[in-house]
1. Taking 7 Å along the Cα-to-C-beta vector as the label spot, tell me the His318-Val58 distance in nanometres, rounded to one decimal.
2. Using a 1.4 Å probe, what is the accessible area per residue for segment 283-354, in Å²?
3. Summing +1 for each Lys or Arg and -1 for each Asp or Glu, what net charge is found among the other residues whose Cβ lies under 14 Å from the Cβ of Cys176?
4. Taking the square root of 5 times each eigenvalue of the Cα gyration tensor, what semi-axes in Å does the equivalent ellipsoid of segment 327-414 have, largest first?
5. Identify the chymotrypsin sites (Phe, Trp or Tyr not before Pro) of segment 321-388 meeting these criteria: DSSP loop state and at most 13 other C-beta atoms within 10 Å of the C-beta.
6. Given a Förster radius of 25 Å and the C-beta distance between Lys256 and Arg352 as r, what FRET efficiency does 1/(1 + (r/R0)^6) yield to the nearest 0.05?
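The values are calculated or read from the model by the stated rules, or taken from the named source; none is laboratory data. Since we're looking at a predicted model, the values are computed, not measured. Cβ placement follows ideal geometry from the backbone for every residue including glycine, while neighbour counts extend to all protein chains displayed. Surface accessibility is based on the protein's heavy atoms, side chains included, excluding ligands, DNA and RNA. Shrake-Rupley method; radii C 1.70, N 1.55, O 1.52, S 1.80 Å.
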Amino acid sequence: MLFRPREWALFTQPRAVVGYVVTLVAVDVLLAVVGLCTTVLRAEELLTAAAVVASGAVCVEAMRRLGMPQGMVRDLLGTWWIPVVLLLPPLYALLTPIPLYLLMQYRIQRAVVFRRVFSAAVVALAGFSASTVFHALVPGPVVLLDGVAGAAGGSALISGEGIGAAVLCAVLFTVCNTVLIAGALRLSVPEEPRRTTVWDSESLLLDAVEVCVGLIVSVLCALSLLLLLVVLPPVLLLQRSLLFQQLQTAARTDPKTGLLNAVAWERVAKTELARALRTGCPLAVLIVDIDHFKKVNDTHGHLIGDQVLLGVATALNHQLRQYDVVGRFGGEEFVVLLPGADMAEACRVAERLRTRVGRTALPVNDTTVTVTVSIGVALLRVHGRDLLELMAAADLALYRAKDSGRDRVCLPVAKAVGIPVRSANDPPAEARGS
């Protein structure tokens, strides 16, 4: 298995992603080789790098004890990358991520290897770029060991000019890191809008916090390495708070799609249903099922099947309003709650979802995978007055869609009004008769 590259997880990705990852890693390796040949290693710089990496290792161990949520995780390790970027030659920015990401791989969570390598390569390249710019703006050594300058110009970081350049380059590091990650996300899901989760307001706030804390650590580290012992506890507390919030979110989220899991969706749906009954507003429930999903898994493997699930989830999410509630019900089924949607609006939304998913093509090696969905629709007060009745009615409608040939939207028989409700694909005249 080790010597069959085509079976590695990386090579199940789209070709653009494979090229992107390989290119990034190759550039990092080349820069590291050149840096090792051209950089003079000094004892005080090695000691500073070791102290910063040791502090980062303490944070990694703290993450292991608290536990790590699934999916994309935000941490405060940038707090330790920024001092390396500012205080040490660019070579160290390429090398210091290696031990910490190895520690994360073997102490916290065995992630897919190419993703872990890619994350380290992104941090290394972003750090190298920012460090190169900083040392061009502020020439000369900036490392202070126990308050004593290692060479002339050693206090440059804590001068006005040095602080300005440090802020600029810390921001540059964060921007480069984000852009490189966004590039990989864009290539892996070409249909996804340009604005992804790496650009949302919460992520930007966390980036700002990370830059500020990283600059504080850099200044204290420049004054004395012993001050790392003072700054480490508050950094650990910040990181603990951040991870605890993500763990709470993960408890509500399906790890494969990022949507609400069944329990969390049901909780939100019951709240919306009670509000609709109280105010007299309409409401609809959709059950969306991927047609012949088992065939996708059997033909292309479960990794591709997981990508199909994510692609369908993304397509659904991007076609819904902000206050619609979408979740993964289990297997290849999704559930959607449409507050304020009457029969016409619910059928229109369901048809839009069906069409949009049918246009999604997932690149797999030399071919593409396309799927269709069948959708069952149920209306509050027409097909039921509580969530259990609505889900049962939508499920019956879904079976009607499958029995009718799949890739269609159907409604159940509206027993409450005694009139059969036709498929959304039936002629408009019959639909109006509903």
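1. 4.4
2. The answer is 40 Å² per residue.
3. Values: positive: none; negative: Asp28, Asp207, Glu210.
Net charge in that neighbourhood comes out at -3.
4. Its equivalent ellipsoid spans semi-axes of 26, 13, 12 Å.
5. Values: sites: Tyr323, Phe329, Phe334; in loops: Tyr323.
Those that pass, being in a loop and sparsely packed, are Tyr323.
6. Details: r = 24 Å, r/R0 = 0.94.
The computed FRET efficiency comes out at 0.60.
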